[in-house]
Amino acid sequence: MTEEILRKIKQLPPLPESAMQIEAVYQDPDSSFNDMVKILEKDPLLTADILKAANSPLYGFSREINAISQAVGLFGMGTVRGFALASIVKKSFDLDLSPYGINNDMFSALSKNQHALMTAWCLRKENKLMGVLSPAAFLVEIGKVLIAQQIITDNKQEEFSLALKTIGDVEAAEREVLGVDTPEVSATIFAQWKFEEGLVDVIRNCQNPENAAEEDKRAAQILHVVRVAVPISGVMTKETIDMAKELISKYSLDLRSFEIALENND
């Protein structure tokens with residue numbers, strides 16, 4: 001981790017009270033469905049953001065979701081936690097992703113499409129992991145915001161653009177130019193904000209799941225597959241899907257559920 005980016009992370013403002021309350025309820029083993037609903041309903045703007053996200057065509061529900069209780073019932077507490085944290089965290093950053101050749105809308109589509117694929121694939125088969133996978137899929141790319149800031153500050157836009165073209169791998173280009181990559185920066189941000197160790201571990205090791213703690217390996221493998229399937233453009237291609245399927249085979253994950261998820265995301 002470079003001193004400059006570490007300094008940026010340490011200067012980030014703390015998360016607002018609403019995020020802390022959501023985390024307290026989610027982490028409390030004695031909390032209930034209703035406890036989460038009550039916390040979310042206290043914040044009308046957050047409620048609106050969650051319902052907007054939940055009603056995205058990406059999730060394929062035929063009826064409109066018009067209440068937080070309905071969203072929690074359909075998606076589960078873990079996934080709605082992801083919707084909420086994504087809304088809160090992204091408001092903590094000034095976005096300029098121009099070094100990556102993408103705009104803010106494309107960056108938003110990237111995280112939404114990664115999350116939608118992961119949800120369609122894992123909501124039923126891997127429900128116990130959704131508390132980690134949902135925020136991880138939404139927020140794993142947030143490190144790009146600080147990396148982009150540093151590239152601009154260092155006036156390395158041309159160097160980074162050339163690295164992207166010649167190396168053809170985003171994380172490798174980041175390491176080549178700045179010595180850090182997106183998962184490392186994202187994980188350090190969430191460690192700074194004192195998120196649970198499992199979420200930090202999954203994000204940090206999503207490129208190399210074998211380095212994750214044993215209990216986090218499966219979630220890190222799933223996140224790796226999703227990030228390969230949905231690249232920085234936010235658009236899946238035959239090439240990225242084939243690469244993702246190779247990883248699914250390597251990790252002995254559920255290929256049939258993945259293929260059904262792809263059909264549902266067409």
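The values are calculated or read from the model by the stated rules, or taken from the named source; none is laboratory data. Only a predicted model underlies this, so the values are computations on that prediction, with no experimental measurement involved. Cβ: placed from backbone, ideal geometry, glycine included. Neighbour counts: every protein chain shown.
Against the condition of a type in the set (F, W, Y) and touching a Pro at 6+ places or on another chain (Cβ under 6 Å), how does F83 come out, does it pass?
no
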Residue among L15, L40 that alone is among the aliphatic types (A, V, I, L, M) and not in a helix (DSSP H, G or I): L15
Hits in the range 55-93 - residues which are hydroxyl-bearing (S, T, Y), part of a helix (DSSP H, G or I) and within 16 Å of S18 (Cβ to Cβ): S87
Subset tally (residues that are hydrophobic (A, V, I, L, M, F, W, C) and surrounded by fewer than 23 Cβ atoms within 10 Å (Cβ to Cβ)) for the range 127-138: 1
Which listed residue is farther than 16 Å from P135 by Cα, of a type outside the set (S, T, Y) and either under 14 Å from the mean Cα position of the chain (by Cα) or part of a helix (DSSP H, G or I) (or both), from I189, I260: I260
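K52 - would you say it is free of Cβ contacts under 8 Å to residues at least 40 places away in the same chain, part of a helix (DSSP H, G or I) and not aliphatic (A, V, I, L, M)?
yes
Given the condition among the β-branched types (V, I, T), buried (at least 22 other Cβ atoms within 10 Å of the Cβ) and out of contact with any Lys or Arg (no Cβ under 7 Å at 6 or more places or on another chain), answer yes or no: does some residue in the range 91-106 qualify?
no
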Of residues in the range 213-250 being within 17 Å of the chain's Cα centre (by Cα) and in a loop (DSSP other than H, G, I, E, B), the one surrounded by the fewest Cβ atoms within 10 Å (Cβ to Cβ): V235
Residues located in the range 26-45, provided they are of a type outside the set (D, E) and either surrounded by fewer than 18 Cβ atoms within 10 Å (Cβ to Cβ) or under 18 Å from the mean Cα position of the chain (by Cα) (or both): Y26, Q27, P29, S31, S32, F33, N34, K38, K42, P44, L45
Residue in the range 138-158 that is modelled with pLDDT of 90 or more, among the acidic types (D, E) and outside any helix (DSSP H, G or I) present: yes
Odd one out for Q207, checked against (1) buried (at least 24 other Cβ atoms within 10 Å of the Cβ); (2) touching a Lys or Arg at 6+ places or on another chain (Cβ under 9 Å); (3) more than 30 Å from L74 (Cβ to Cβ): (1)
Qualifying residue in the range 158-177 (condition: within 30 Å of I22 (Cα to Cα) and either more than 14 Å from the chain's Cα centre (by Cα) or among the aliphatic types (A, V, I, L, M) (or both)): no
Count - residues of the range 216-250 that are over 22 Å from S111 (Cβ atoms) and touching a helix residue (DSSP H, G or I) at 6+ places or on another chain (Cβ under 6 Å): 1
